[in-house]
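Below you'll find the structure, written out as structure tokens, and then a few comments.
The values are calculated or read from the model by the stated rules, or taken from the named source; none is laboratory data. Predicted, not measured: the structure shown is a model, and the values here were computed from it. Virtual Cβ from ideal backbone geometry, glycine too; neighbours counted across all protein chains shown.
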Amino acid sequence: MKVIKTPLEGCLILEPRLFEDERGYFFESYNQRAFSEAVGRDIRFVQDNQSFSKKGVIRALHYQTGEFAQAKLVRVSQGRVLDVAVDLRPESPTFGQHFSIELSEENNKQLFIPKGFAHGFAVLSDTADFCYKCDNYYAPESEGGIIYNDPTLNIDWGIPEEEQIVSPKDAQLPPFKALVK
């Protein structure tokens, strides 16, 4: 597995080794020992989630707080998405900055997002299956979010505004400035 650092400390791109021949391909999408070595600590995932979305859908920007904060390992098994992580750690030198990467069934890249980040993605292909592992259980009472089109973050989702599909819940999330007190 190849590990690539992003500009956001602790947020890593993981590229699995792909074995291809005339039959197709094989790759190991997850190995606990290799993953722990790659991120430099022991993280145990307790929940796997998967979503299916159509082109133009933006699912963003979500996070869990307190004892239910989550680290995530995300990937796309079908289609293409623009994946976005936002550093919400006040003590971090990259607080308020974001990183984006295209994840697809073609590139097989994964993104590790540590605790203390908001996360979201936009579907660039006709449809996409998005898979993610979480190191903590979902707790609705600890859920937080930031509006996807926040002017302070200024995220380019790669989708024209008139083609963006956002849930009513996500369209009502507070701005980033509400986090900064």
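So the values come out like this:
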item: Some residue of the stretch 1-22 being in contact with a Cys (Cβ under 7 Å, 6 or more places away or on another chain), surrounded by 15 or more Cβ atoms within 10 Å (Cβ to Cβ) and in a strand (DSSP E or B); result: no
item: Flag for A69 being at pLDDT below 95, surrounded by fewer than 20 Cβ atoms within 10 Å (Cβ to Cβ) and among the hydrophobic types (A, V, I, L, M, F, W, C); result: no
item: Breaking point among (1) more than 30 Å from F95 (Cβ to Cβ); (2) not in a loop (DSSP other than H, G, I, E, B), for S29; result: (2)
item: Candidate set from the stretch 162-181 (those that are outside any loop (DSSP other than H, G, I, E, B) and either among the β-branched types (V, I, T) or over 16 Å from L124 (Cα atoms) (or both)); member that is nearest to the chain's Cα centre (by Cα); result: D170
item: Subset of the stretch 70-93 (residues that are part of a loop (DSSP other than H, G, I, E, B), under 19 Å from Y138 (Cβ atoms) and out of contact with any Asp or Glu (no Cβ under 9 Å at 6 or more places or on another chain)); result: L88
item: Out of I155, I101, I159, sole residue that is in contact (Cβ under 8 Å) with a residue 12 or more places away in the chain, among the aliphatic types (A, V, I, L, M), in a strand (DSSP E or B) and surrounded by 15 or more Cβ atoms within 10 Å (Cβ to Cβ); result: I101
item: Within the stretch 139-148, considering residues that are surrounded by fewer than 18 Cβ atoms within 10 Å (Cβ to Cβ) and not small (G, A, S), the one nearest to L173 (Cα to Cα); result: E143
item: Cross-chain or 6+ apart pairs with Cβ under 7 Å, the stretch 26-48 first and farther than 11 Å from P16 by Cβ and touching a residue at least 24 places away in the same chain (Cβ under 8 Å), then part of a loop (DSSP other than H, G, I, E, B) and of a type in the set (G, A, S); result: I43/A71
item: In the stretch 162-181, the residues that are free of Cβ contacts under 8 Å to residues at least 40 places away in the same chain and surrounded by 14 or more Cβ atoms within 10 Å (Cβ to Cβ); result: P175
item: Any chance K133 is within 25 Å of Q47 (Cβ to Cβ), outside any strand (DSSP E or B), under 12 Å from the mean Cα position of the chain (by Cα) and at pLDDT 95 or above; result: no
item: Of residues in the stretch 72-96 being over 16 Å from F117 (Cα atoms) and of a type in the set (K, R), the one surrounded by the fewest Cβ atoms within 10 Å (Cβ to Cβ); result: R80
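Each row is one residue, and each column tells you yes or no for (1) of a type in the set (A, V, I, L, M, F, W, C); (2) at pLDDT below 95.
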| site | (1), (2) |
| --- | --- |
| V39 | yes, yes |
| S51 | no, no |
| R59 | no, no |
| F95 | yes, no |
| S104 | no, no |
| A118 | yes, no |
